[in-house]
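Take a look at the structure set out below.
The values are calculated or read from the model by the stated rules, or taken from the named source; none is laboratory data. Everything quoted here is computed from the prediction, not taken from an experiment. For neighbour counting, all protein chains shown are included, and Cβ atoms are generated from backbone atoms with ideal geometry for every residue, glycine included.
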């Protein structure tokens, strides 16, 4: 028995976001076919017909929307009924939309947190001052626009998540004075700071500031986290860095 799962949404079934959902569902289930279709009466009938032509004898249709109004439910019902009429040997089961599920609420909260972080990151998230010729107030956009991005920090610092920049990239722009010898990294709450030699920071220091294209969450040490790979010294792993102070 061949089984098909059709994910019926209102946008383009070929959009990158929908295709990622299809692939994620495919990994989590044992359906023979997982495919995205448009949530329209004609598209539903065509999608079910395509699954039947491929040998499916059971087809589940999941509306990839939060809710369906009366017109949407009627369209889904008619599309399923038409498919059943055309393919009497195929069982077709329409599922409920995503609806008022706690997991949807969790996702809404997560999206809201990311939006808040982006609003906060419109201002300076990292300052560089002290013995520098060019003091900096860097926004998230400034960090993202900097050259030499490290897209996968875990390749250099196993166990760490995110993307970032070498400390050297930031210091090059700040232009430390020749007599500078130390750097102090200050945390957001003012309760922790750590100092390392400017040479070590320039050679190995990494500032993690994002996950993909989103700001690094506070729970992972955001807005900026310092790591210096190759050492277990707590001073070389500073969370919530907001200030880089260059000293003698």
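Against the conditions (1) modelled with pLDDT of 90 or more; (2) under 23 Å from the mean Cα position of the chain (by Cα); (3) buried (at least 18 other Cβ atoms within 10 Å of the Cβ), residue 25 satisfies every one except (3). Could you check, for segment 194-202, whether at least one of its residues is under 17 Å from residue 138 (Cα atoms) and either touching a helix residue (DSSP H, G or I) at 6+ places or on another chain (Cβ under 7 Å) or modelled with pLDDT of 95 or more (or both)? Scanning segment 194-202, I find no residue that is under 17 Å from residue 138 (Cα atoms) and either touching a helix residue (DSSP H, G or I) at 6+ places or on another chain (Cβ under 7 Å) or modelled with pLDDT of 95 or more (or both), so the answer is no.
The condition (being closer than 30 Å to residue 40 by Cα, at pLDDT 85 or above and within 25 Å of the chain's Cα centre (by Cα)) is satisfied by just one residue among 104, 92: 104.
Within segment 30-45, being over 15 Å from residue 5 (Cβ atoms) and in a helix (DSSP H, G or I) holds for 41, 42, 43, 45. Before we move on, is residue 89 part of a loop (DSSP other than H, G, I, E, B) and surrounded by fewer than 12 Cβ atoms within 10 Å (Cβ to Cβ)? Yes, satisfied. Of the residues making up segment 47-76, those that are in a helix (DSSP H, G or I) and either surrounded by 16 or more Cβ atoms within 10 Å (Cβ to Cβ) or touching a helix residue (DSSP H, G or I) at 6+ places or on another chain (Cβ under 9 Å) (or both) number 10.
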